[in-house]
Amino acid sequence: MANWQRRGVAKIMAGHMKILVGCSSPPDHGAGILTYAKELSESFLQLGMEVHFVSPPPKDWEWIRLHGIHHFSTTQDDDPVVAARQLVGYVRECQIDAVINNDNSLVQSISPAIPCPFVAVGHLGRTSIAALACFQPQWSDYIVAISNDMQRLYVTKHGVPLVKCPIIYNGIKDLGHDGNYSRRDSAALRVVYAGGYNRRLKGADLVLAAVRRSTAEWAGIRLDWYGGIPKKVARGLENLAHVRVHGRVPREELLHALRNADALLFPSRVEGCPMAMLEAMSLGVVPIASDGEGAMRYLITTGREGFACHLSQAATQILECLAHLRDQPGVLEEMKRAARVRFLHEFQCKRVADDLICLIRHPTIDRRHPPMRIKVLRWHRPLRPDGQKAPVVDRLFCRLGLLRHAGVLDLGNFTIAGNRCNDREMQ
């Protein structure tokens, strides 16, 4: 290990670290990747570290202000090469000690110019999210996979060395629990599904097939269906006494529903490491998931903390599991308690932060001789206002996992020129 690396690792070991977290979503608008990045940032803060957050700017700066986080804004409308030069200057001027990137194309682009450990976290096994995480793997000390299936794809398809591709399952903050693991409603087993009508990924068609079975099979079971759904399908579901359709709701409303639920339906075909399952387990809710691509079947032991249904028989097995929980209140209570205990032991966000710090302490790259010219990528996941779709060509590139170059950044004679390192960008 070079002397400069020893000095950096010593600083990390002492806990006095400036850490940069990259994210593709603004801190006030996003889903799973944003939740991961924010909760990871808060965990680093609790460990006494200084956090710098690189993302599109939010409309609401409250989270940034509340936690005293430094923010560097980058948007899809910026000139990527100009923004890359500014970010390299920011990292060097601030003397950042480590970078954890979560799907930010600008941060990933400058990995060869980063003078400190660099860890990319992959959040999907396919699409442009996977391609970005594995971009320039020779300049990432580690590329973290959040599921076993994802690691296999990164290693076999993208050529990431196995020793640089650890598996670290997601973690979240404990949402708290009231200690009651009995059935929430004496009249019916309460079940939540929050996948909207996403058939390709979230398995909405499998849930639909289950709810359309005999009404008698749903006796004593009530399903609350959340997420966007076509009006025609919603009207059909509203005619079923055992289903209530809620549409899109704020996250807090969905969490309130989970707190009052006994089971979560999660028959996804493709996931990373789903936050919704971890939220359910934190709240003592039994996941009825699938054996699809993703971490679902590894987060639980079937029959103990939940069930992992086989996709080929999911509609039938979903009902079998629900009937079992309905008819066996003692089993339900034990499984709810077991789900909560496993969450507490394995899936809290502090564990993720500790695992990432362990990686940072053992960098794999000698960064003393960076390249003089680096490729800079275009924004890979175009952000659009709610209700507006990105152009077809952008969606196609994203689906196929194709990255597009914006230009080349020349690092020769690089100078730092006022990158506002000591000013928090809060508007």
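Values for this structure:
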quantity: Modelled FRET efficiency - R0 51 Å, E334 with R395, Cβ distances, 0.05 increments; calculated: 0.70
quantity: Reachable lysines, given that their alpha-carbon falls under 22 Å from the alpha-carbon of K59 and they are not under 8 places away in the same chain; calculated: K38, K389
quantity: C-alpha long axis of helix 3-14 to longest principal axis of the chain, angle in °; calculated: 40
quantity: Charge context of A113, other residues only, Cβ under 12 angstrom, K/R +1, D/E -1; calculated: +4
quantity: The stretch 189-347 shape via C-alpha gyration tensor axes, a/c threshold 1.5; calculated: rounded
quantity: For the stretch 46-72 versus the stretch 106-172, the gap between their alpha-carbon centres in whole angstrom; calculated: 23
quantity: Hydrodynamic radius (Kirkwood) for the stretch 113-242, which is based on Cα pairs only, to one decimal in Å; calculated: 18.5
quantity: Calculated volume of the Cα convex hull per residue in Å³ (choose from [x] 139; [y] 154; [z] 191), label; calculated: [x]
quantity: Residues whose placed amide H lies under 5 Å from that of V54, excluding near-sequence neighbours; calculated: V21, G22, C23, F72
quantity: Degrees separating the helix 314-327 axis from the principal Cα axis of the chain, which is the longest one; calculated: 60
quantity: Candidates per trypsin sites (Lys or Arg not before Pro) in the stretch 226-281, loop by DSSP, up to 13 other Cβ within 10 Å; calculated: R248
quantity: Inter-label distance for R244 and C358, nm, one decimal - labels placed 7 Å from Cα along Cα-to-Cβ; calculated: 4.3
quantity: Gain in span if fully extended, Q313 to A234, counting 0.36 nm per residue against the direct Cα distance; calculated: 26.0 nm
quantity: Helix axis angle, 80-94 relative to the chain longest principal axis, alpha carbon, degrees; calculated: 80
quantity: Computed label-point distance, nm, for sites D327 and H369 using a 7 Å Cα→Cβ extension; calculated: 7.1
quantity: E346-D185 FRET efficiency (beta carbon distance; Förster radius 35 Å; 0.05 resolution); calculated: 0.75
quantity: Rounded to whole Hz, the Karplus (6.51, -1.76, 1.60) HN-Hα couplings of the stretch 130-139, x for glycine and proline; calculated: 5, 4, 5, 4, 9, 6, 6, x, 5, 10
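Coordinate-derived values only; no laboratory data. The structure displayed is predicted, hence computed values, not measured ones. When we count neighbours, we look across all protein chains shown, and the Cβ atoms used for this are built from the backbone with ideal geometry, even at glycine.
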